[in-house]
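Enquirer: What follows is a structure written as structure tokens; I'll ask about it next.
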Amino acid sequence: MKRNIIEFTRASDTPDADFSNVRGEAVLDKLIRRYPSDAKCLRRAHELLIEEPNYAPAMHRVANSLHEGLIRMFISYRAGLDVAAARAVAEVFRTLSAGKVEVTFADEFTSRISGQDYKSEIEAATKAAHWFVILVSDSRELSGWCMYETGLFRASATSRRMERLICLRHPAATPPSAIDGYQAVTGDVVHLRRFLDGLFRQLNPLPGWNALNPTLDDATIEMAAARIAQALRPPRRPVLFNPIVTLVVQRPQALTSPDQLSDCVVETDRLTARLFGKAEPPTRWGALVSGLSGRGQWQHELVAVLRKAAAGDIFRQLSGNFESPQGGQVLRPVVQAMEHDGLDGEYRFQLCFLEDLGRASDTGLTGSTQALLTAVRLHNRVRWEVVERFADAAWDGDDCAAAGKSLSRIDREACGNGGIDAQALRSHFSSAAASELEDLFEDWAELCDSNQGRLPTALRNTDAAAVRAAMLRCRELNRQVLQHLLPALESLSSRRG
């Protein structure tokens with residue numbers, strides 16, 4: 001570090017004196033007396049900064065920087081994602097400036113002062129920086145810490161001509177809105193070469209400074225530009241495999257009916273809107289789902305799921321589905337993400353719609369026919385997915401867990417279809433047979449109810465003896481129910497044939 005050995009003739013000219021309230025030629029004269037060897041540079045800085053509101057602090061920063069022979073630079077980036085790019089930029093700036101640029105970035109701090117409060121060190125370095133470089137390799141907004149560092153730098157800056165906020169972005173990335181108004185440097189070789197030439201071979205990299213390294217040749221600049229361009233990571237490009245709708249809901253904890261969602265704002269694209277029979281994406285949920293036919297059981301499930309999610313409760317995904325007017329696809333809604341800032345009542349839910357290949361949507365059949373088909377399907381699933389599959393099980397922990405999951409999947413489908421409507425089934429049976437079937441359904445509920453049934457309870461407790469007894473009863477009840485249902489289905493098929 002240089003030291004000027006001069007005799008101070010006035011008390012106000014001592015190295016520690018503060019005359020930030022002094023402006024114009026008086027500031028310049030005092031700084032020249034303090035740093036006579038930098039007089040020419042200080043006069044040039046004075047010409048560039050004289051109209052700045054914070055002229056005196058800016059001139060002080062220039063004088064200190066010239067005296068030290070250093071320009072301080074801080075690199076802000078997404079931790080873990082852009083650290084390789086930060087290293088490359090730091091090495092380029094240190095090399096091209098011939099050591100006149102002192103570079104600070106977080107990765108070097110954490111390796112140099114492990115176990116200490118490196119964040120306070122980073123904050124100090126951010127405030128002291130003359131150049132603040134943000135690396136943007138993604139089209140999303142800056143991370144919270146990057147925004148904090150940016151705010152610190154902007155708050156400590158003295159002049160729009162003194163400090164530089166430099167955004168180096170991958171060509172495919174969008175500069176973040178937090179630095180609107182600052183020109184970003186596109187990270188290709190052409191733009192980077194022009195940028196590096198201006199920083200290192202031109203006058204006034206800081207006001208008053210001579211060129212940092214005027215002897216740099218074009219080939220060196222070209223190689224440095226190529227290195228930075230290669231280090232900037234391309235942004236991740238999202239690929240959506242399922243239709244997506246963002247649903248904006250105010251106070252979802254208070255929802256009680258699907259009708260309350262009608263005026264909620266939605267965001268989606270044209271392809272997703274076509275699945276709902278719309279040529280253009282509607283802006284309201286009610287308009288989006290207005291053309292769907294059927295009972296809409298899934299919409300009641302959606303209300304319950306949104307309410308639970310917003311309250312922080314565990315929820316089951318929707319089991320209901322609907323038929324798309326576009327191509328007859330059967331779609332099942334899935335709530336896959338939720339955003340909330342914790343401050344107000346607005347929640348943003350992201351819904352995707354999966355094609356439900358294994359199930360039909362509401363068919364338009366009569367209630368009694370639909371009830372019979374549902375009962376046959378569910379009890380056939382019990383027979384093959386539970387009774388026959390686990391016929392030889394040892395009923396250890398793995399067997400109990402697997403059987404419990406199978407029962408849960410069947411129960412979720414039953415809930416999604418509104419359960420088995422015993423009253424609607426009566427038209428397929430004589431009075432005596434209908435009463436017998438209803439008694440069987442009561443026994444079935446006592447055995448297999450998901451909350452209190454003997455079989456699910458035994459499976460949860462991994463009680464092998466209780467499971468074997470309950471499975472024997474399950475086999476017998478399932479056989480008796482199907483003995484009633486299958487002849488009724490055959491009779492129905494014969495009448496329709």
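Enquirer: Regarding region 383-396, can at least one residue be identified that is within 30 Å of Val303 (Cα to Cα) and either of a type in the set (Ser, Thr, Tyr) or in a loop (DSSP other than H, G, I, E, B) (or both)?
Expert: No: zero hits.
Per-residue answers, yes or no, for (1) in contact with a helix residue (DSSP H, G or I) (Cβ under 7 Å, 6 or more places away or on another chain); (2) closer than 26 Å to Ser368 by Cβ; (3) part of a helix (DSSP H, G or I):
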site: Gly419; (1), (2), (3): no, yes, no
site: Trp444; (1), (2), (3): yes, yes, yes
site: Leu455; (1), (2), (3): yes, no, yes
site: His484; (1), (2), (3): yes, yes, yes
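Enquirer: In the list Glu149, Glu123, which residue meets the criterion of being modelled with pLDDT under 95, within 28 Å of the chain's Cα centre (by Cα), buried (at least 20 other Cβ atoms within 10 Å of the Cβ) and within 27 Å of Glu52 (Cα to Cα)?
Expert: Glu149
Enquirer: Can you pull out the helices (runs of 4 or more DSSP H) entirely within region 196-296 that have at least 2 residues that are in contact with a strand residue (DSSP E or B) (Cβ under 8 Å, 6 or more places away or on another chain) and surrounded by 14 or more Cβ atoms within 10 Å (Cβ to Cβ)? It would help to see each step written out before you state the result.
Expert: On the way: elements: 218-231, 270-275, 285-289.
Qualifying helices (runs of 4 or more DSSP H): 270-275, 285-289.
Enquirer: OK, next. Inside region 173-206, can you point out the residues that are aromatic (Phe, Trp, Tyr) and within 23 Å of Ala155 (Cα to Cα)?
Expert: Tyr182
Enquirer: How many residues are touching a residue at least 24 places away in the same chain (Cβ under 8 Å), touching a Ser or Thr at 6+ places or on another chain (Cβ under 9 Å) and among the aliphatic types (A, V, I, L, M) if we restrict to region 256-286?
Expert: Count: 1.
Enquirer: Taking region 57-90 as the search range and keeping residues that are buried (at least 23 other Cβ atoms within 10 Å of the Cβ) and either aromatic (Phe, Trp, Tyr) or not in a helix (DSSP H, G or I) (or both), which one is farthest from the chain's Cα centre (by Cα)?
Expert: Among those residues, the one meeting the criterion is Met73.
Enquirer: Restricting attention to region 297-319, which residues are free of Cβ contacts under 8 Å to residues at least 24 places away in the same chain and either part of a helix (DSSP H, G or I) or over 26 Å from the mean Cα position of the chain (by Cα) (or both)? Walk me through it before giving the result.
Expert: Filtering region 297-319 down to residues free of Cβ contacts under 8 Å to residues at least 24 places away in the same chain leaves 304, 308, 312-315, 317.
Ala304, Lys308, listed by residue number.
Enquirer: Sort through Arg460, Arg454, Arg479 and tell me the only one that's among the basic types (Lys, Arg), surrounded by fewer than 17 Cβ atoms within 10 Å (Cβ to Cβ) and closer than 16 Å to Val382 by Cα.
Expert: Of Arg460, Arg454, Arg479, the one residue that is among the basic types (Lys, Arg), surrounded by fewer than 17 Cβ atoms within 10 Å (Cβ to Cβ) and closer than 16 Å to Val382 by Cα is Arg479.
Enquirer: Within region 308-349, how many residues are surrounded by fewer than 18 Cβ atoms within 10 Å (Cβ to Cβ), in contact with a helix residue (DSSP H, G or I) (Cβ under 6 Å, 6 or more places away or on another chain) and more than 26 Å from Lys278 (Cβ to Cβ)?
Expert: Going through region 308-349 one residue at a time, the tally reaches 2.
Enquirer: Scanning region 35-55 for residues that are of a type in the set (A, V, I, L, M) and buried (at least 21 other Cβ atoms within 10 Å of the Cβ), which turns out nearest to Gly208 (Cα to Cα)?
Expert: Residue satisfying both the conditions and the ranking: Ala45.
Enquirer: Would you pick out the residues in region 91-120 that are modelled with pLDDT of 85 or more, part of a helix (DSSP H, G or I) and not β-branched (Val, Ile, Thr)?
Expert: Listed by number, the residues that qualify are Glu91, Phe93, Arg94, Leu96, Ala106.
Enquirer: Residue under question is Leu477, and the condition is that it be modelled with pLDDT of 90 or more and over 29 Å from Phe315 (Cβ atoms); does it hold?
Expert: Answer is yes for this residue.
Enquirer: How many residues are polar (S, T, N, Q) and at pLDDT 85 or above if we restrict to region 340-367?
Expert: Selection size over region 340-367: 1.
Enquirer: Within the group Leu196, Leu212, Leu247, Leu192, which residue is within 24 Å of Gly99 (Cβ to Cβ), at pLDDT 95 or above and under 33 Å from the mean Cα position of the chain (by Cα)?
Expert: Exactly one residue qualifies, and that residue is Leu192.
Enquirer: Pick out the one residue from Ala432, Ala465, Ala445, Ala424 that is of a type in the set (Gly, Ala, Ser), surrounded by 15 or more Cβ atoms within 10 Å (Cβ to Cβ) and at negative phi.
Expert: Ala424
Enquirer: Quick check on my filter: what residues within region 307-357 are of a type in the set (S, T, N, Q) and either in contact with a Ser or Thr (Cβ under 8 Å, 6 or more places away or on another chain) or not assigned by TED's automatic domain parsing to the domain that holds Asp269 (or both)?
Expert: Asn321, Gln350
The values are calculated or read from the model by the stated rules, or taken from the named source; none is laboratory data. Keep in mind the model is a prediction, meaning the values are calculated, not measured. As a convention, Cβ positions derive from the backbone with ideal geometry for all residues, glycine included, and neighbour counts pool all protein chains shown.
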